[in-house]
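Comments concern the structure below.
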Amino acid sequence: LAAQAKQKTGGAADDLFWQAYAKYDGALKTELDSHWVLFHWGNALADQARQTTGEAAVDLLRQACQKFEDALRIGPETQEAMHNWGVALAEQAKQKTGETADDLFRQAYAKFEAALKVKRDTLVLLNWGIALTEQAKQKSDKAADDLFRQAYERYDAALKIKPDLHGALNAWGATLSAHAKQKTIAEAKALFDMARAK
């Protein structure tokens with residue numbers, strides 16, 4: 001049902017998501033491996049949030065985070081739940097500004113770091129780099145430069161694990177372009193050249 005919902009929009013998607021949530025709720029009453037039910041429920045909530053805007057999206061992301069937290073309480077070895085929790089926190093942060101956004105980004109980075117302690121994973125590093133880029137876009141000067149540098153380090157680490165990871169190269173190029181937009185013409189040209197190379 002959740003997979004079907006991702007193929008729809010508007011009320012049709014929402015109806016399928018709510019049907020999926022009812023099934024997850026029912027499964028929790030009988031499923032021995034309930035951390036997987038909570039994990040998939042969290043993923044569905046995050047998917048619904050991506051089809052929604054404003055505070056409704058933020059509320060769905062908060063619910064997704066709660067499901068990931070509940071899943072980890074039952075099955076703490078679940079790296080995917082920790083990773084997806086970080087992604088959901090970063091997506092909330094993108095919709096906020098100031099200290100609220102910074103706090104959500106910090107929480108997301110802590111989840112990514114915890115996920116990497118379970119297993120070095122290119123997707124975690126890639127999403128961490130993307131989240132750092134989004135935070136950097138909200139900053140300027142040295143604060144932005146430092147966040148962009150950290151994003152580059154995450155992409156580099158992912159490529160050390162899997163040198164042909166085109167997603168990391170693409171994200172690195174996009175991050176360089178975003179960084180260039182905050183710079184003077186000469187500095188921007190150098191960054192855009194590097195972006196094209198990636």
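The values are calculated or read from the model by the stated rules, or taken from the named source; none is laboratory data. Computed from a prediction, not measured in an experiment: that's the story for all the values here. Here Cβ is always computed from backbone atoms with ideal geometry, including for glycine, and neighbour counts include all displayed protein chains. To get the accessible areas, we keep the full protein, side chains included, count just its heavy atoms, and leave off ligands, DNA and RNA. Shrake-Rupley method; radii C 1.70, N 1.55, O 1.52, S 1.80 Å.
Values computed for the structure shown
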item	result
Conditions (1) under 17 Å from M82 (Cβ atoms); (2) touching a residue at least 40 places away in the same chain (Cβ under 8 Å); number of the one not met by Q138	(1)
Unmet criterion (only one of (1) free of Cβ contacts under 8 Å to residues at least 40 places away in the same chain; (2) surrounded by fewer than 20 Cβ atoms within 10 Å (Cβ to Cβ)) for Q79	(1)
Residue list for the stretch 184-198, restricted to those being open to solvent by less than 30 Å² (accessible area, probe 1.4 Å) and either in contact (Cβ under 8 Å) with a residue 40 or more places away in the chain or not small (G, A, S) (or both)	L191
Qualifying helices (runs of 4 or more DSSP H) (wholly inside the stretch 44-146; at least 3 residues being of a type in the set (F, W, Y))	98-118
Any hit, the stretch 138-156, residues being within 29 Å of D103 (Cα to Cα), touching an Asp or Glu at 6+ places or on another chain (Cβ under 9 Å), surrounded by 15 or more Cβ atoms within 10 Å (Cβ to Cβ) and of a type outside the set (A, V, I, L, M, F, W, C)	yes
Subset of the stretch 106-119 [buried (at least 23 other Cβ atoms within 10 Å of the Cβ) and either within 13 Å of L132 (Cβ to Cβ) or touching a residue at least 40 places away in the same chain (Cβ under 8 Å) (or both)]	A108, F112
Residue in the stretch 162-183 that is farthest from N127 (Cα to Cα), counting only those that are open to solvent by 80 Å² or more (accessible area, probe 1.4 Å) and either in a helix (DSSP H, G or I) or not acidic (D, E) (or both)	K181
Residues that are among the aliphatic types (A, V, I, L, M), buried (at least 16 other Cβ atoms within 10 Å of the Cβ) and under 25 Å from the mean Cα position of the chain (by Cα), drawn from the stretch 2-36	A2, A5, A13, L16, A20
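Here is a yes/no grid of residues against (1) within 30 Å of L28 (Cβ to Cβ); (2) among the aromatic types (F, W, Y); (3) at pLDDT below 95; (4) touching a helix residue (DSSP H, G or I) at 6+ places or on another chain (Cβ under 9 Å):
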| position | (1), (2), (3), (4) |
| --- | --- |
| R73 | yes, no, yes, yes |
| M82 | yes, no, yes, yes |
| L89 | yes, no, no, yes |
| D102 | no, no, no, yes |
| T133 | no, no, no, yes |
| A157 | no, no, no, yes |
